[in-house]
Amino acid sequence: MESQSEAVNRLQAAFRSGLTIPEKFRQMQLSKLTSLIKDNEQLILDALHKDSAKPKFEAVLSEIDLVINELHYAIHNLRSWMQPDYVGKNLATKLDDCFVRREPLGVVLIIGAWNYPLQLTLLPMIGAIAAGNCVVIKPSEVSGAMEKLLAELIPKYICQDCCAVICGGAEETETLLKNRFDHIFYTGSQRVARIILQAAAIHLTPVTLELGGKCPCLISEEVDILAAAHRLAWAKFFNTGQSCVAPDYVLCSQATCDALLPALQQTLEDFYTKDPQKCPDLGRIISDRHWTRLTDLLQKSQGRVVLGGQSNQSEKYFAPTVIVDVKEDDALMEEEIFGPILPILTIESLEEGISFINRKEKPLALYVFSDKSSVVTKVLEQTSSGGFCSNDGIVHMTLPGLPFGGVGASGWGSYHGRWGFETFSHRRSCMLRGWALERINTLRYPPYQENNLGWLRWTISPKKNVFNNCSLM
């Protein structure tokens with residue numbers, strides 16, 4: 001059996017051979033990845049259900065179709081992404097070709113996450129392949145059925161000279177990180193991210209971190225309360241609350257809270273019936289450890305449970321739960337909840353809500369619900385977050401044209417669409433010069449003369465109609 005270091009060495013040799021560079025090869029690998037998903041949809045659905053009882057509807061939307069759409073987007077746009085970007089020039093470089101060339105980094109490591117084990121493993125892989133890299137995939141061992149399936153399927157579809165799947169837990173990951181990679185892409189917790197950063201620092205390896213955080217949802221008084229309840233509940237309890245962009249807590253006035261609670265109660269009954277434990281549309285917590293963590297958080301909270309609260313460890317079931325009278329220093333506010341518990345905190349004004357958000361670490365996503373565009377604009381302009389969405393939740397991350405990533409403690413870097421291609425590319429500055437105008441070039445050579453310096457400064461200074469607009473991504 002091939003060792004980790006042997007696999008990395010094999011991919012490094014393949015990359016040096018130039019195998020992954022041609023556009024035709026990249027397109028072929030992306031097409032094969034598309035076939036992997038389409039040919040094995042039922043196996044994927046079965047694995048997702050085995051890991052967390054993920055409903056087919058949610059699995060298709062958030063795992064299968066999201067990845068398929070990303071693949072189509074990359075396949076359609078890859079040729080244009082690979083084209084050089086020509087930049088503006090000054091008089092001194094007017095006869096030169098000056099451009100930015102995208103080049104693959106080499107062998108990259110992608111460490112996937114368990115909550116969306118297909119999407120969060122394959123989406124960065126799409127960007128890495130599109131950019132021309134060799135890829136080592138490390139699926140999450142927590143979602144064991146999907147880990148096993150990816151290890152089985154990927155070598156059958158993707159060229160084994162440019163891709164390897166390595167399975168295992170923390171010990172195997174620690175060993176894997178001792179290898180030298182050209183980029184590491186990690187999705188998961190801040191705690192593990194610190195470990196990865198320490199390992200990457202040894203080789204000065206660049207890192208992309210897709211982390212989480214406590215994503216706030218600020219609800220103003222001027223809002224369609226029933227529509228807000230529907231969209232809030234869907235975004236929060238989709239995938240049983242195990243989403244890094246799920247609304248983590250709500251900020252609203254007491255009057256809005258009083259109106260929201262009955263709307264949420266009716267919404268949850270409409271979504272999951274009066275007995276959600278038997279509802280096939282509600283998944284399960286991924287493991288006993290995660291279930292125990294959620295139970296402990298709820299027990300430590302000083303808030304008041306008004307909806308849900310029931311749980312069953314043998315089934316890893318946790319009811320959609322809403323809790324009020326939560327204070328800023330409550331146990332539920334100390335860390336990302338990552339489960340179906342929704343705390344509601346009351347505020348006196350929009351300004352107080354913005355101040356509350358700004359006292360916390362910058363979140364991966366921020367949501368505001370309001371009928372007034374002025375409220376939405378004010379929250380957008382006076383806060384910072386990885387992503388922002390008004391009057392809905394989660395859906396912003398489904399659009400390939402928008403970069404997905406955090407800021408500060410919620411992550412470094414971004415991906416999706418061209419942003420993933422850029423993450424796994426080196427933007428190489430290129431200037432192609434000829435031998436013309438050598439007489440002018442003598443102005444820069446020693447022995448230096450004051451009048452020559454004046455001429456040189458003139459040739460490189462900004463002048464109207466001399467500079468072209470730089471090509472932007």
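Listed values, structure above:
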item	result
Extreme residue, surrounded by the most Cβ atoms within 10 Å (Cβ to Cβ), among residues of the stretch 50-74 that are over 20 Å from the mean Cα position of the chain (by Cα) and part of a helix (DSSP H, G or I)	52
Count - residues of the stretch 56-91 that are among the small types (Gly, Ala, Ser) and without any contact (Cβ under 8 Å) to a residue 24 or more places away in the chain	2
Selected residue (criterion: farthest from residue 231 (Cα to Cα)) from residues of the stretch 281-297 that are in contact with a Lys or Arg (Cβ under 9 Å, 6 or more places away or on another chain) and in a loop (DSSP other than H, G, I, E, B)	287
Close pairs from the stretch 425-451: first closer than 20 Å to residue 97 by Cα, partner among the aliphatic types (A, V, I, L, M) and not in a loop (DSSP other than H, G, I, E, B), Cβ under 8 Å, at least 6 apart	427/100; 428/100; 429/100; 430/100
Failed item in (1) touching a residue at least 40 places away in the same chain (Cβ under 8 Å); (2) over 17 Å from residue 340 (Cβ atoms); (3) within 16 Å of the chain's Cα centre (by Cα), with residue 245 passing the rest	(2)
Answer from 290, 230 - the residue that is under 13 Å from residue 340 (Cα atoms) and under 31 Å from the mean Cα position of the chain (by Cα)	290
Pairs where the first residue, in the stretch 274-289, is touching a residue at least 24 places away in the same chain (Cβ under 8 Å) and the second is among the hydroxyl-bearing types (Ser, Thr, Tyr) and part of a loop (DSSP other than H, G, I, E, B), C-beta under 8 Å, 6+ apart	286/143
Options 327, 278, 236; residue that is under 24 Å from residue 409 (Cα atoms), surrounded by fewer than 20 Cβ atoms within 10 Å (Cβ to Cβ) and in the same structural domain as residue 393 (by TED's automatic domain parsing)	327
Condition check for residue 47: part of a helix (DSSP H, G or I), touching a residue at least 40 places away in the same chain (Cβ under 8 Å), under 18 Å from residue 121 (Cα atoms) and not hydroxyl-bearing (Ser, Thr, Tyr)	yes
Failed criterion for residue 285 (all others in (1) of a type in the set (Val, Ile, Thr); (2) surrounded by fewer than 24 Cβ atoms within 10 Å (Cβ to Cβ); (3) over 22 Å from residue 330 (Cα atoms) hold)	(2)
Tabulated pairs, the stretch 142-160, first in contact (Cβ under 8 Å) with a residue 60 or more places away in the chain and in the same structural domain as residue 242 (by TED's automatic domain parsing), second assigned to a helix (DSSP H, G or I) and crowded, with 22+ Cβ neighbours inside 10 Å, C-beta under 7 angstrom, 6+ apart or interchain	none
Only one of 275, 281 that is under 30 Å from the mean Cα position of the chain (by Cα), under 22 Å from residue 312 (Cα atoms) and not small (Gly, Ala, Ser)	281
Cβ-Cβ under 6 Å pairs, at least 6 apart or on other chains, the stretch 7-26 side in the same structural domain as residue 180 (by TED's automatic domain parsing), far side polar (S, T, N, Q) and surrounded by 13 or more Cβ atoms within 10 Å (Cβ to Cβ)	8/179
Considering residues of the stretch 140-174 that are charged (D, E, K, R) and closer than 22 Å to residue 59 by Cα only, the residue surrounded by the most Cβ atoms within 10 Å (Cβ to Cβ)	147
Matching entry among 66, 36, 30 (being out of contact with any strand residue (DSSP E or B) (no Cβ under 6 Å at 6 or more places or on another chain), under 13 Å from residue 129 (Cα atoms) and outside the structural domain of residue 280 (by TED's automatic domain parsing))	30
Tally of residues being under 15 Å from residue 268 (Cβ atoms) and part of a loop (DSSP other than H, G, I, E, B) across the stretch 303-336	5
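The values are calculated or read from the model by the stated rules, or taken from the named source; none is laboratory data. Please read all numbers here as calculations on a predicted model, not as lab measurements. Here the Cβ is made from the backbone with ideal geometry for all residues, glycine too, and neighbour counts use every protein chain on show.
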